[in-house]
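Chemist: Here you go, one structure.
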Amino acid sequence: MNFQIKQITAEDMEGFEALLNCFEEAFDDKKTYGNNRPDNSYSKELLTSDTFIALKAEKDGVVIGGLAAYELKKFEQKRSEIYIYDLAVSKPYRRKGVASALIEILKPMALKRGAWVIYVQADKEDQPAIELYSKLGIREDVLHFDIPVVPQQSK
């Protein structure tokens with residue numbers, strides 16, 4: 001399949017919007033990716049930061065997949081880790097190498113930033129993601145905890 005992968009920059013707000021649309025559709029999650037999108041000022045600040053990476057996969061000018069990742073500079077050694085926060089491919093283009101290609105493009109970017117590893121989480125129920133990541137890396141079974149920053153209402 002013919003597609004191109006490009007990094008999204010602050011000059012490509014249309015591409016960033018298309019990436020959000022792709023995530024919304026792929027994850028079937030309008031609440032997170034559609035209802036309260038950031039304004040252009042916030043998005044441009046994020047895209048120009050040295051800690052955020054956004055990649056899009058395009059076929060015939062249409063975004064068919066993408067990833068959003070963050071560089072985490074470590075304190076214990078002079079190195080970084082790259083965390084893939086979101087990775088999605090539109091349904092008609094899944095299992096065609098798009099996700100693997102996005103990660104392959106991310107690898108030299110991570111190396112250039114001094115990263116020693118790229119890591120990603122997958123939900124236990126997301127078997128396709130687990131299969132993909134198992135092919136590309138070493139599995140670690142960990143627990144993930146969300147700690148609210150706003151006090152919770154007592155029930």
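Chemist: Is at least one residue of segment 116-124 part of a helix (DSSP H, G or I) and aliphatic (A, V, I, L, M)?
Modeler: no
Chemist: Among the residues of segment 106-133 satisfying the criterion of being under 23 Å from PHE3 (Cα atoms) and not aliphatic (A, V, I, L, M), which is surrounded by the fewest Cβ atoms within 10 Å (Cβ to Cβ)?
Modeler: Top of the filtered list is PRO108.
Chemist: Answer with yes or no whether ILE103 is over 16 Å from the mean Cα position of the chain (by Cα) and either surrounded by fewer than 17 Cβ atoms within 10 Å (Cβ to Cβ) or not in a strand (DSSP E or B) (or both).
Modeler: It is false that ILE103 is over 16 Å from the mean Cα position of the chain (by Cα) and either surrounded by fewer than 17 Cβ atoms within 10 Å (Cβ to Cβ) or not in a strand (DSSP E or B) (or both).
Chemist: Within segment 126-148, work out how many residues are part of a loop (DSSP other than H, G, I, E, B) and at pLDDT 85 or above. Don't jump to the end; show me each part of the working.
Modeler: Step one: list which residues in segment 126-148 are part of a loop (DSSP other than H, G, I, E, B), which gives 126, 137-148.
In the following step, the residues that additionally are at pLDDT 85 or above were identified as 137.
The number of residues fulfilling the criteria is 1.
Chemist: While we're here: For segment 86-93, indicate whether the set of residues that are at pLDDT 95 or above and assigned to a loop (DSSP other than H, G, I, E, B) is non-empty.
Modeler: Among the residues of segment 86-93, at least one is at pLDDT 95 or above and assigned to a loop (DSSP other than H, G, I, E, B), which makes the answer yes.
Chemist: I'm told GLY34 meets every condition in (1) touching a strand residue (DSSP E or B) at 6+ places or on another chain (Cβ under 6 Å); (2) free of Cβ contacts under 8 Å to residues at least 24 places away in the same chain except one. Can you identify the failing condition by its number?
Modeler: Here GLY34 meets the rest and fails (1).
Chemist: Still on this model: Any residue at all in segment 79-87 that's hydrophobic (A, V, I, L, M, F, W, C) and over 24 Å from LEU19 (Cβ atoms)?
Modeler: no
Chemist: Just for helices (runs of 4 or more DSSP H) wholly inside segment 1-73: which have at least 3 residues that are modelled with pLDDT of 95 or more and within 25 Å of SER100 (Cβ to Cβ)?
Modeler: 13-27
Chemist: Of everything in segment 31-85 that's among the aromatic types (Phe, Trp, Tyr) and within 15 Å of the chain's Cα centre (by Cα), which residue is farthest from ILE118 (Cα to Cα)?
Modeler: Filtering segment 31-85 for residues that are among the aromatic types (Phe, Trp, Tyr) and within 15 Å of the chain's Cα centre (by Cα), the one farthest from ILE118 (Cα to Cα) comes out as TYR33.
Chemist: So, LYS59, is that one more than 19 Å from THR9 (Cβ to Cβ), charged (D, E, K, R), surrounded by 12 or more Cβ atoms within 10 Å (Cβ to Cβ) and touching a residue at least 60 places away in the same chain (Cβ under 8 Å) or not?
Modeler: no
The values are calculated or read from the model by the stated rules, or taken from the named source; none is laboratory data. Model, not experiment: these values are computed from the prediction. FYI the Cβ positions are ideal-geometry reconstructions off the backbone, even for glycines, and counts take in every protein chain you see.
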